[in-house]
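Since every read-out is calculated from the coordinates, none of them should be taken as a lab result. What you see is a predicted model; the values in this text were computed from it and never measured. Because the Cβ atoms are built from the backbone with ideal geometry, glycine has one as well, and the counts that use them run over all protein chains shown.
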Amino acid sequence: MEQTPKHNTESMKRANDTSIYKLITIGVLVGILGVFLRFAGDSTTLSIISWAILGVGSVIACKGVFKILDA
């Protein structure tokens, strides 16, 4: 017989936590800001700053994903 999946496990509760999705959304928005700044001007300094902002946004978004995966 097939076993029915458990819907109230701890991992399901953690995956449905809204704070994790807020963290991912903030990371994506910071990343979009970095991409916008990358193409907004043609300055070396602005380019370096925009790559740094894009990297920070990527780290924030990945942090949220890894919280869901509990890695």
### Task
For the chain, find the longest principal axis of its Cα atoms and tell me its angle to the long axis of helix 44-69, 0 to 90°, nearest 10.
0
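Would you mind calculating the relative contact order of the chain from Cα pairs under 8 angstrom and at least 6 residues apart, reporting the percent as a whole number?
Numbers: 65 pairs, mean separation 28.2, N = 71.
So the answer I get is 40 percent.
What does the convex hull of the Cα atoms of the chain come to per residue, in Å³, rounded to a whole number? Write down the numbers at each step before the final one.
Working: hull volume 6.5 nm³, N = 71.
So the per-residue hull volume is 92 Å³.
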### Message
Which aspartates and glutamates, if any, have their Cα less than 18 Å from the Cα of K22, not counting same-chain residues under 8 positions apart?
### Response
D70
### Task
Filter the trypsin sites (Lys or Arg not before Pro) in the chain down to the DSSP loop ones having no more than 10 other Cβ atoms within 10 Å, then list what survives.
K6
### Task
Round to the nearest 10 and give me the degree value, 0 to 90, for the angle of helix 18-40's Cα axis relative to the longest principal axis of the chain.
20
